[in-house]
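The values are calculated or read from the model by the stated rules, or taken from the named source; none is laboratory data. What you are looking at is a predicted structure, and each value in this text was computed from that prediction instead of being measured. Heads up, the Cβs are rebuilt from the backbone with ideal geometry, glycines too, and the neighbour counts pull from every protein chain shown.
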Amino acid sequence: MKKGLLMVFTGNGKGKTTSALGLAMRAAGHSMKVAFYQFIKGSWKYGEMEAMKRFSDLVDFQVLGRGFTWQSDDLEKDKALAKSAWEKAKEAIFSGKYHMVILDEFTYVLNYEMVDQDEVLTALKARPQGVHVVITGRNAPEALLNMADLVTEMKEIKHPYQKGIKAQKGVEF
């Protein structure tokens with residue numbers, strides 16, 4: 001049976017975005033078109049942005065947020081941006097153009113009520129049968145977890161930051 005899956009990578013451990021990137025690469029390796037939208041990450045340069053440029057014919061990679069919401073200087077602007085980004089993502093899901101749509105850090109916009117959770121769940125239920133959707137971020141809402149076909153929780157056991165080791169190029173960004 002071929003079915004578009006709803007996959008959620010959540011938890012407080014490292015690896016949610018990395019897992020989604022791995023799926024994007026796997027799909028691109030099969031010449032499948034992927035939309036990869038980052039909802040929170042902002043203006044600084046991430047390695048994944050540079051890597052995905054090499055696959056621009058198959059992966060539509062876009063940063064749609066202004067940065068980490070908890071550091072925001074204008075939550076209303078962030079909320080409007082999140083709504084606009086959700087509309088773009090919804091359009092991608094229903095466009096017939098993509099095999100997979102990845103909504104990176106999307107749980108934050110749900111948890112901060114920047115987009116309507118019921119609207120999102122309704123759209124995800126109604127998505128075309130063959131479209132895979134991947135959602136990443138901490139604290140995925142219970143209703144999303146219940147709807148998902150696959151849920152992986154990343155659990156932090158140990159992290160270099162606990163020893164004072166700062167984020168490193170090629171590992172965290």
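Points to keep in mind about this one:
- Residues in region 16-46 that are in a loop (DSSP other than H, G, I, E, B) and modelled with pLDDT under 95 were compared, and the one that is nearest to the chain's Cα centre (by Cα) is 39.
- Selection from region 47-61 of residues that are at pLDDT 95 or above, hydrophobic (A, V, I, L, M, F, W, C) and assigned to a loop (DSSP other than H, G, I, E, B): 58
- Flag: residue 124 matches the condition of being within 23 Å of residue 22 (Cα to Cα), in a helix (DSSP H, G or I) and under 15 Å from the mean Cα position of the chain (by Cα).
- Every listed requirement among (1) within 14 Å of the chain's Cα centre (by Cα); (2) assigned to a loop (DSSP other than H, G, I, E, B) is met by residue 152 save one, (2).
- Some residue of region 69-83 being of a type in the set (Lys, Arg), at pLDDT below 90 and under 12 Å from the mean Cα position of the chain (by Cα): no
- Residues (of a type in the set (A, V, I, L, M, F, W, C) and buried (at least 17 other Cβ atoms within 10 Å of the Cβ)) located in region 129-145: 131, 133, 134, 135, 140, 144
- Odd one out for residue 126, checked against (1) exposed (fewer than 12 other Cβ atoms within 10 Å of the Cβ); (2) in contact with a Leu (Cβ under 9 Å, 6 or more places away or on another chain): (2)
- Counted residues, region 146-170 - those being loosely packed, with under 13 Cβ neighbours inside 10 Å, out of contact with any Lys or Arg (no Cβ under 9 Å at 6 or more places or on another chain) and not hydroxyl-bearing (Ser, Thr, Tyr): 14
- Among the residues listed as 145, 103, the single one being of a type in the set (A, V, I, L, M, F, W, C) and in a helix (DSSP H, G or I): 145
- Filter pass, residue 64 being within 18 Å of residue 21 (Cα to Cα), buried (at least 16 other Cβ atoms within 10 Å of the Cβ) and modelled with pLDDT under 95: yes
- Residue pairs meeting the criteria (Cβ under 9 Å; at least 6 apart or on separate chains; first closer than 12 Å to residue 99 by Cα, in region 11-36; second of a type in the set (Gly, Ala, Ser) and part of a helix (DSSP H, G or I)): 33/27; 34/24; 34/27; 34/28; 35/89; 35/92; 36/20; 36/24
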